[in-house]
Amino acid sequence: MMLGQREKISMGSSSFHYIHLGHLFERIARSWDAQEIKHLAPPMGQITDLPLERMITLTGALNGLLVVRTTRDFAVRLRNQREKTPLGRYPEEEVFEELISLFCLYLFHDFWRPHLFQVGPIHPFRSIPHDWPKKNPTSSCSLLIDGFPLEIRLWLND
């Protein structure tokens, strides 16, 4: 199912911003040579078997948690695409973490508010669904990138 509407994310009691995580991630994936990207229905609470999962604690202009999940094969593909670059020397999981870190910077930039702009440390770490907040994500999306599934879930603090 293709998604065309943008999701409304609350940032505090009076500020709203519209974003679709999938379109934002697509910009980065295409810059990393992704050819075919399909936007799928958001995960809606179900948890699929995606063994490569990283969580980032967001601090600064955004406060909350971001989770990006995919398959190990996707990470291998990322590393292979970067084979002739300095990133090609690193294990596939570290290359995946680099992609997620870049996504976080794009996410912070998309929420640009110069008078409040701050970015805390971006340090992806391993997690499992058991580590996630109990409430529903503020925003989520599922993508198929060159045949590889990828999920993004974002929980923003009120």
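The values are calculated or read from the model by the stated rules, or taken from the named source; none is laboratory data. A quick note: this is a predicted structure, and the numbers were derived from the prediction, not measured. Cβ sites come from the backbone with ideal geometry, for glycine too, and all protein chains shown count toward neighbours. SASA here: full protein model, heavy atoms, side chains in, ligands and nucleic acids out. Shrake-Rupley method; radii C 1.70, N 1.55, O 1.52, S 1.80 Å.
Residue count for the stretch 91-100 under the criterion of being surrounded by 15 or more Cβ atoms within 10 Å (Cβ to Cβ) and either farther than 18 Å from Val67 by Cα or touching a residue at least 24 places away in the same chain (Cβ under 8 Å) (or both): the result is 5. Within the set Ile56, Ile37, the sole residue that is within 16 Å of the chain's Cα centre (by Cα), within 18 Å of Gly147 (Cβ to Cβ) and hydrophobic (A, V, I, L, M, F, W, C) turns out to be Ile37.
Restricting to the stretch 60-82, what's the tally of residues that are among the polar types (S, T, N, Q), touching a strand residue (DSSP E or B) at 6+ places or on another chain (Cβ under 8 Å) and either open to solvent by 10 Å² or more (accessible area, probe 1.4 Å) or more than 17 Å from Ile145 (Cα to Cα) (or both)?
Within the stretch 60-82, residues that are among the polar types (S, T, N, Q), touching a strand residue (DSSP E or B) at 6+ places or on another chain (Cβ under 8 Å) and either open to solvent by 10 Å² or more (accessible area, probe 1.4 Å) or more than 17 Å from Ile145 (Cα to Cα) (or both) number 2.
Of the numbered conditions (1) outside any strand (DSSP E or B); (2) open to solvent by 20 Å² or more (accessible area, probe 1.4 Å), Ala34 satisfies every one except a single condition; which is it? All conditions pass for Ala34, except number (2).
Of the residues making up the stretch 60-91, those that are under 15 Å from the mean Cα position of the chain (by Cα) and modelled with pLDDT under 90 are Leu62, Asn63. Which condition does Ala75 not pass, out of (1) in contact with a Phe, Trp or Tyr (Cβ under 7 Å, 6 or more places away or on another chain); (2) among the aliphatic types (A, V, I, L, M); (3) closer than 16 Å to Arg153 by Cα; (4) not in a loop (DSSP other than H, G, I, E, B), if it passes all the others? Going through the list (1) in contact with a Phe, Trp or Tyr (Cβ under 7 Å, 6 or more places away or on another chain); (2) among the aliphatic types (A, V, I, L, M); (3) closer than 16 Å to Arg153 by Cα; (4) not in a loop (DSSP other than H, G, I, E, B), Ala75 breaks only (3). Might you let me know whether the stretch 138-158 holds any residue that is under 16 Å from Leu58 (Cα atoms), charged (D, E, K, R), in a helix (DSSP H, G or I) and open to solvent by less than 80 Å² (accessible area, probe 1.4 Å)? No, the stretch 138-158 contains no residue that is under 16 Å from Leu58 (Cα atoms), charged (D, E, K, R), in a helix (DSSP H, G or I) and open to solvent by less than 80 Å² (accessible area, probe 1.4 Å).
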